[in-house]
1. Distance from the Cα centre of the range 219-235 to that of the range 80-103, in angstrom?
2. Report the far tail of the P(r) of the range 74-175, meaning the percent of Cα-Cα pairs longer than 21 Å.
3. Treating only the Cβ atoms of Lys and Arg (+1) and Asp and Glu (-1) as charged, compute the dipole magnitude of the range 61-179 about its Cα centre; round to the nearest 20 debye.
4. Pull out a ≥ b ≥ c, the square roots of the eigenvalues of the alpha-carbon gyration tensor of the range 128-169, then state rounded if a/c is under 1.5, prolate if not and a/b is larger than b/c, and oblate in the remaining case.
5. Express in whole angstrom the spacing between the alpha-carbon centres of the range 104-159 and the range 237-254.
6. Based on the alpha-carbon set only, what is the convex hull volume of the range 146-199 divided per residue, in Å³?
7. For the chain, treating each Cα as an identical point scatterer without solvent, what Debye log10 I(q)/I(0) comes out at q = 0.17 1/Å?
8. With axes computed from alpha carbons, what is the tilt in degrees of helix 14-23 against the longest principal axis of the chain, rounded to the nearest 10 within 0 to 90?
Amino acid sequence: MHCHSTASDGALAPAVLVARAFEKGVRVLALTDHDTLEGLDEAREAALALNMTLINGVELSCTWGGATIHVLGYGFDVNAPALVEAIAKLHDGRWLRAEEISRKLALKGMPGALEGARAIQQTLGDSGNAPARPHFADFLVEAGYVKDRAEAFRKWLGAGKLGDVKLHWPTLEDTVATLRAAGAWISLAHPSHYDFTRSKRRRLIGDYIQAGGHAIEVVNGHQPAEQVGGLAILAREFGLLVSAGSDFHGPGGWSEIGEYRPIPEDLPPLWRRFKLEPPVANV
């Protein structure tokens, strides 16, 4: 219920991603690329050939409390006017963000970042979307400015660093409204990943519910068990549905597709609203 292809910042083309998911035992899959629906047609064709169920998915960027927040949408109408318009604006916003990241890196003595990141992106697959921060990170590694991706994010691209450009995202309320207008089921992505205090995270979830959100992602890949427990408590307290997923971006990354910690048995999974069997958790 959470993975990425070369349509955004993943390492595998949509069809290759679907094939890998099938090999790992996944039979129900949602492709949730960042701010784009570009990979869904290719993924759907590949899933149909393997007799898999593909759920329309997307991970939209928005702002709340001065931070970038990600919201997952599932099962929506891809032609819904509000969603089509929002995706177009996000597409333009991502290019503006990429240009701004490149400009800021150049001021720090690291020129050519946009061209370098774009070249790396195109070696993975032909996407019309702007290069994302992982592509910039790989450029910084190849150019010798940092030793690895982790250092690139720690010094230049992570939250609060110069590459954390969020001027072009809509608000959380507008994003949830867009997904609801498209008939989506909505989950707040990886709430523990945001660098918030407990009270601020509770405020985020409260505002998210007020905006019309349905669920929170209580399991994201191999996140620590204590984080799963903390999010489970919040889901119970607020009466929310829950989702889970690998947040797979590519081989050797955060987690393997189809692998994530199990959801606590008393919590109601979002995918039951699709009247589907749950994805197989292999961890």
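1. Taking the Cα centre of the range 80-103 as reference, the centre of the range 219-235 is 31 Å away.
2. On the way: 1978 of 5151 pairs.
Percentage above 21 Å: 38.
3. Numbers: 14 positive and 14 negative charges, 113 e Å.
The dipole magnitude comes to about 540 debye.
4. On the way: a/c = 2.93, a/b = 1.36, b/c = 2.16.
The shape class here is oblate.
5. The range 104-159 and the range 237-254 have Cα centres separated by 25 Å.
6. Details: hull volume 7.2 nm³, N = 54.
Convex hull volume per residue, Cα atoms: 133 Å³.
7. Here log10 of I(q) over I(0) equals -1.52.
8. That helix lies at roughly 50 degrees to the long axis.
Since every read-out is calculated from the coordinates, none of them should be taken as a lab result. Keep in mind the model is a prediction, meaning the values are calculated, not measured. Backbone-built Cβ (ideal geometry, glycine too); neighbour counts: all protein chains shown.
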